[in-house]
Structures are given as C-alpha cells and as structure tokens.
Amino acid sequence: MAFGIGLRIRSYVYLGTGFLVTCIAANLVRFGMRDHRIAAASLFILGLIVIGSMVMLSAHRATLLQRYSRVRELLATWEG
C-alpha cells in the first residue's frame, strides 16, 4: 500500500489493501481454529469495531463525506 501511495498508482493501493485484509482474515481463522477463545475474542472485537464505526459515521457524516470526496478527487489524478 505504501509503495502504491508513494508512486501514486491506484491499482497498487487496492492490491495492497486486498492482500492486507486477506492476510489478517486468514490469520484470525487459523488462530481461531486452534484456540476458540481467540476466535471469540476476535469476533467480539470485530463487532465492537463495526458498531463503533457506525456510530462515528452517524455522528460525523457530513465531515466524513467531505473528506471522502477529497480522497476521490485525489485518486482520480493518479495513474490506473
């Protein structure tokens, strides 16, 4: 991801993000299969993150939409 941001190449950012999410999910599944307490704790924390992000999205919707539009404008100038 950092390489894609540094070179301003959008596809590298997307590819790096995809691999990061896949790696984290695979490690959670692997350790969750080995120890069920880790799986329960991971799912509990994931639930808290989802609920917290929805609360933050609702509370700061206008500001987040402005930031999102600026990021989209910045990404539009990058190479594909």
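How high is the relative contact order of the chain, in percent, with contacts defined as C-alpha pairs under 8 Å that are six or more residues apart? Walk me through the numbers before you get to the answer.
On the way: 36 pairs, mean separation 26.2, N = 80.
Relative contact order, the chain: 33 percent.
In order along segment 32-40, phi translates into HN-Hα couplings of x, 5, 7, 9, 5, 5, 5, 5, 5 Hz, rounded to whole numbers, per the Karplus curve 6.51 cos²θ - 1.76 cosθ + 1.60 with θ = phi - 60° and x for Gly and Pro. In this structure, L74 and M33 have a Cβ-Cβ separation that, at R0 = 41 Å, corresponds to a calculated FRET efficiency of about 0.55.
Note on mean projected area of the Cα convex hull in nm²: of the candidates (i) 5.0; (ii) 7.0; (iii) 6.4, the value calculated from this structure sits at (iii).
In whole percent, and with a 1.4 Å probe on the protein chains, what portion of the accessible area of segment 1-48 is carbon and sulfur?
Details: 2990 of 3880 Å².
Of all accessible area on segment 1-48, carbon and sulfur atoms account for 77 percent.
The protection proxy used here, the mean number of other Cβ atoms lying within 10 Å of each residue, ranks peptides 52-59, 15-22 as follows, highest first: 15-22, 52-59.
Net charge of the neighbourhood of R67, taken over other residues with C-beta under 13 Å away and scored Lys/Arg +1, Asp/Glu -1, is +2.
Counting only heavy atoms of protein chains, what accessible area per residue, in Å², does the chain have with a probe of 1.4 Å? Write out the running numbers ahead of the final one.
Working: 6750 Å² over 80 residues.
Each residue of the chain exposes 84 Å² on average to a 1.4 Å probe.
The values are calculated or read from the model by the stated rules, or taken from the named source; none is laboratory data. These numbers were taken from a predicted model, which means no experiment stands behind them. When we count neighbours, we look across all protein chains shown, and the Cβ atoms used for this are built from the backbone with ideal geometry, even at glycine. Just the protein is used for accessible areas: all its heavy atoms, side chains included, with ligands, DNA and RNA removed. Shrake-Rupley method; radii C 1.70, N 1.55, O 1.52, S 1.80 Å.
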